[in-house]
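Worksheet: the structure to be examined is printed underneath.
The values are calculated or read from the model by the stated rules, or taken from the named source; none is laboratory data. Owing to the predicted nature of the structure, the values given are computational and were not obtained by experimental measurement. Cβ coordinates were reconstructed from backbone atoms using ideal geometry, including for glycine residues, and neighbour counts include every protein chain displayed. Keep in mind that these areas ignore ligands, DNA and RNA; they rest on the heavy atoms of the full protein, side chains included. Shrake-Rupley method; radii C 1.70, N 1.55, O 1.52, S 1.80 Å.
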Amino acid sequence: MSQNPTPEDYKALFEDDRRGVAILEHLIRTFARPAVVSGGIDAVLSTYQRDGQRRVLEFITNQINRAHGVDVNNQEG
């Protein structure tokens, strides 16, 4: 692909294609986990790792929202 995918591409893949829907749901179940609240520095490191994983999911959902005309300018991605 010579150009960056458009928000419509994300929508087509992750919302319109049933395989993409299943993949996105699996990614969310796997990587959208809450912050770790106990355990000292290990908890902080785990929370940073989980936040990094969640940001990828947020980027994908922001692209889908853009394809639907939702204003996501105040959000990253």
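Restricting attention to the stretch 65-77, the residues being open to solvent by less than 60 Å² (accessible area, probe 1.4 Å) and under 13 Å from the mean Cα position of the chain (by Cα) number 2. Of all residues in the stretch 37-59, those satisfying the criterion of being open to solvent by less than 60 Å² (accessible area, probe 1.4 Å) and over 19 Å from the mean Cα position of the chain (by Cα) are Gly39, Gly40, Ala43.
Among the residues of the stretch 27-46, those identified as in a helix (DSSP H, G or I) and under 29 Å from Leu13 (Cα atoms) are Leu27, Ile28, Arg29, Thr30, Phe31. On inspection, Asn62 does not qualify as open to solvent by 50 Å² or more (accessible area, probe 1.4 Å) and within 20 Å of Asn4 (Cβ to Cβ). Taking each residue of the stretch 1-23 that is open to solvent by 50 Å² or more (accessible area, probe 1.4 Å) and at pLDDT 95 or above and looking for partners that are of a type outside the set (A, V, I, L, M, F, W, C) and not in a loop (DSSP other than H, G, I, E, B) with beta-carbon atoms closer than 6 Å, six or more apart or interchain, yields Leu13/Gly20.
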